[in-house]
Amino acid sequence: MIKKTLTLVIIVTLLIIQNSTMVFAANTQNYIRHYAWSSDWGAKIFAFYIDYSASNYTNYPMKYIQNHYVSAFNQQPLNPEIGNGNCYLVGIDFTDSSSGTLIGTLDSSKFIKNPNGSIWNPNTLVYFDLYSSSIISYYSTSVKTINASVETIFHLDPSWIPSNWTDYTNLSFTF
């Protein structure tokens with residue numbers, strides 16, 4: 001009886017391990033530049049980076065994307081040619097690249113300050129550094145590509161023209 005139980009436990013464990021695969025997605029970074037004009041300051045460049053990464057895994061036929069890290073920063077905030085403003089995370093949309101079907105969304109309320117305490121260069125202006133453990137899941141028996149689109153808004157006071165704009169940073173998961 002013990003041999004049969006042990007054999008059954010080993011078989012079930014092997015099936016679970018065989019059908020579950022953890023993969024870490026590559027992180028993506030988007031360098032964004034905008035020009036705005038002010039009667040006080042003239043034309044300025046507003047430049048910042050958006051950095052996004054997440055992990056994905058399969059528990060066949062379910063697929064999951066989780067552990068989302070997103071940040072916005074400027075590595076040269078003291079450069080007189082680069083103006084400052086405020087950058088905010090709006091959210092992330094996940095779509096099936098072949099059909100365009102929306103798989104799920106994460107709005108900014110699903111994120112917290114990055115608990116891992118990222119180390120930033122002291123000369124870096126960090127607009128936000130956020131983390132979400134939320135899971136985006138979908139059912140698929142075949143390999144699919146899912147596009148994650150991070151939406152951010154950059155905002156200046158109304159004396160600038162233009163005073164705000166929206167940007168998108170994309171990362172694809174194929175699994």
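The values are calculated or read from the model by the stated rules, or taken from the named source; none is laboratory data. Only a predicted model underlies this, so the values are computations on that prediction, with no experimental measurement involved. Reconstructed Cβ throughout: ideal geometry from the backbone, glycine too, with neighbour counts over all protein chains shown. Calculation scope for accessible area: heavy atoms of the full protein, side chains included, ligands and nucleic acids excluded. Shrake-Rupley method; radii C 1.70, N 1.55, O 1.52, S 1.80 Å.
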Practice task
Among the numbered conditions (1) farther than 30 Å from M62 by Cα; (2) open to solvent by 30 Å² or more (accessible area, probe 1.4 Å), tell me where S98 comes up short.
Solution key: (1)
Practice task
State whether one or more residues within segment 77-91 are over 27 Å from W41 (Cα atoms) and surrounded by fewer than 16 Cβ atoms within 10 Å (Cβ to Cβ).
Solution key: yes
Problem - Long-range neighbours under 6 Å by Cβ, at least six apart or interchain, first residue within 14 Å of L102 (Cα to Cα) and at pLDDT 90 or above within segment 139-158, second open to solvent by 50 Å² or more (accessible area, probe 1.4 Å) and among the aromatic types (F, W, Y) - result: S149/Y168
Problem - Residues that are touching a Ser or Thr at 6+ places or on another chain (Cβ under 9 Å) and farther than 25 Å from F73 by Cβ, drawn from segment 141-160 - result: V143, K144, T145, I146
Practice task
Mind telling me which of the residues W37, W120 ends up being among the aromatic types (F, W, Y) and at pLDDT 90 or above?
Solution key: W37
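Conditions tested, residue by residue: (1) in contact with a Phe, Trp or Tyr (Cβ under 8 Å, 6 or more places away or on another chain); (2) exposed (fewer than 11 other Cβ atoms within 10 Å of the Cβ).
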{"position": "N116", "(1), (2)": "yes, yes"}
{"position": "S132", "(1), (2)": "yes, no"}
{"position": "N147", "(1), (2)": "yes, no"}
{"position": "S163", "(1), (2)": "no, no"}
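Per-residue answers, yes or no, for (1) touching a residue at least 60 places away in the same chain (Cβ under 8 Å); (2) out of contact with any Asp or Glu (no Cβ under 9 Å at 6 or more places or on another chain):
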residue	(1), (2)
N59	no, yes
V70	yes, no
I82	no, yes
D93	no, no
L102	no, no
